[in-house]
2 protein chains.
Amino acid sequence: MSRQAETSAPITDVIANRWSPRAFNGEPVSNADLVKMLEAARWAASAFNAQPWRFIVASKNDAAEFDRMVAGLGEFNQVWAKNAGAMIYVTAWNVTSEGRSAPTAKYDAGLAVSQLVLEAQNNGLYCHQMAGINRDVIREMYNVPENFDILAAVAVGYLAPADTLSEKLMARETAPRARKPLSEIAFSGDWGSSVTLD
Amino acid sequence: MSRQAETSAPITDVIANRWSPRAFNGEPVSNADLVKMLEAARWAASAFNAQPWRFIVASKNDAAEFDRMVAGLGEFNQVWAKNAGAMIYVTAWNVTSEGRSAPTAKYDAGLAVSQLVLEAQNNGLYCHQMAGINRDVIREMYNVPENFDILAAVAVGYLAPADTLSEKLMARETAPRARKPLSEIAFSGDWGSSVTLD
């Protein structure tokens with residue numbers, strides 16, 4: 001099953017091949033792969049190199065800790081994400097430790113997690129990010145400080161066949177991938193004026 | 001001059017080699033390369049596939065439009081960024097067109113721009129993102145709607161020798177790259193408890 005992005009020009013393989021499955025085979029992600037992913041995130045750009053991101057991580061090799069991580073997800077996501085091989089929570093400060101506001105922190109965290117996801121992809125793994133998480137539960141379970149926002153969870157693992165999912169999730173897993181056309185997201189000269197790059 | 005990230009395990013080349021120079025040689029970025037970069041951004045993940053990002057783009061091949069883009073940067077950034085070969089403003093909605101709040105939009109925009117930057121890097125280009133921009137000026141120049149935040153600018157171009165910069169900027173350009181250690185950004189089991197992945 002090819003899920004490659006349909007682009008008007010060829011792009012880098014690891015980017016074109018990245019997508020967010022829900023069918024994982026339950027195989028644990030190795031510590032070596034998690035180190036690579038975290039290193040890729042660590043070296044992302046951030047405003048003033050402030051590095052506002054912090055990650056909470058568990059491989060399924062530590063089953064008890066992995067299960068505790070899964071328990072912080074929304075119920076809909078727990079159903080499939082329990083078959084991932086590692087779980088990561090993504091946090092970023094909203095106020096720095098020196099009390100300064102951090103308006104770019106969420107954006108910077110996105111830059112970091114993208115590198116983490118692409119590093120995973122380049123090692124045969126897939127990631128599925130979730131906004132559907134129980135932030136209060138996670139904050140309490142892991143003592144996340146009030147000046148850090150809990151932004152997302154990332155399920156990481158090895159792909160399983162789509163028919164290992166429920167019928168409803170299988171339909172979503174195999175539906176054609178879709179994005180807005182470039183003309184709706186890239187402008188030139190004025191807002192809404194489609195960029196012309198032919 | 002190697003600026004490769006120092007990582008505890010080898011990571012994907014395009015990620016390890018990404019950095020944010022200020023010395024650009026003034027050569028315009030081709031439309032073909034801009035299309036690839038925008039396609040890479042377009043296919044990023046986002047919560048509910050909402051794709052909250054919008055980009056304003058100009059290549060230096062359109063000198064008048066490029067200069068107008070540069071005029072939206074902070075004065076410090078204008079000095080060096082005028083030698084880039086293209087300029088991109090990154091925006092994301094804070095409220096959707098249906099009036100729903102969009103708490104993940106900035107994070108999602110980071111995911112998209114990271115793919116744009118890595119696509120550029122894989123085509124021999126470098127990017128330097130800036131938070132130091134004149135948002136009021138940009139909003140007025142380009143009629144950016146109030147429900148979109150202007151998050152960052154991205155200078156894109158070809159590398160020039162560091163000694164084409166002022167002495168002060170050259171020192172920053174050639175200083176060793178640095179990041180917090182993994183132990184300060186990745187936890188397991190509890191906040192602040194360094195993940196051990198040996």
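Only the coordinates and a few stated rules stand behind these numbers; no lab work does. If you're wondering where the values come from, they're calculated on a predicted model, not measured in any experiment. As a convention, Cβ positions derive from the backbone with ideal geometry for all residues, glycine included, and neighbour counts pool all protein chains shown.
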Practice task
Would you mind ranking B:M37, B:M87 by Cβ crowding within 10 Å, fewest neighbours first?
Solution key: B:M87, B:M37
Practice task
Rounded to whole Å, how close does chain A get to the rotation axis onto B by Cβ? Give me the residue too, please?
Solution key: A:G110, 1
Handout entry: Rounded to the nearest 20 debye, dipole of region A:23-170 from Cβ charges on Lys, Arg, Asp, Glu
Key = 220 debye
Practice task
Would you work out the charge dipole size for the protein assembly as shown about its Cα centre, treating the Cβ of every Lys and Arg as +1 and the Cβ of every Asp and Glu as -1, and quote it to the nearest 20 debye?
Solution key: 60 debye
Problem - Per-residue average of Cβ from other chains inside 10 Å of A:146-156 - result: 1
Fill in the blank from the handout: The Cα extents of region A:1-61 along the principal axes, largest first and rounded to whole Å, are 36, 36, 18
Practice task
Please give the average number of partner chain Cβ atoms lying within 10 Å of the Cβ of each residue in B:175-188, rounded to a whole number.
Solution key: 5
Handout entry: Once the Cα gyration tensor of region B:73-198 is diagonalised, semi-axes √(5λ) in Å
Key = 28, 27, 14
Problem - Entries of A:K60/A:K82; A:K180/B:K36; A:K82/A:K168; A:K106/A:K168 with Cα pairs more than 21 Å apart - result: A:K106/A:K168
Fill in the blank from the handout: A correct fewest-to-most ranking of A:K82, B:K180 by other Cβ atoms within 10 Å would be B:K180, A:K82
Fill in the blank from the handout: Ignoring GluC sites (Glu not before Pro) buried by more than 10 other Cβ within 10 Å or outside DSSP loops, the longest site-free run in chain B is B:1-97
Problem - Label 7 Å beyond Cα on the Cβ vector: A:P161 copy-to-copy distances, nm - result: 6.1
Exercise for the section: Would you mind computing Rg(Cα) / (2.2 N^0.38 Å) for the protein assembly as shown, counting N as its residues? Expected result: 0.95
Fill in the blank from the handout: For A:N17, inter-copy label-point distances (7 Å, Cα→Cβ), nm, shortest first, read 1.8
Practice task
Starting from the Cα of B:E140, step 7 Å along the direction of its Cβ; do the same at B:T96; then give the gap between the two resulting points in nm.
Solution key: 3.3 nm
Problem - Per-copy distances of the B:V137 label point, shortest first, in nm (7 angstrom along Cα→Cβ) - result: 4.8
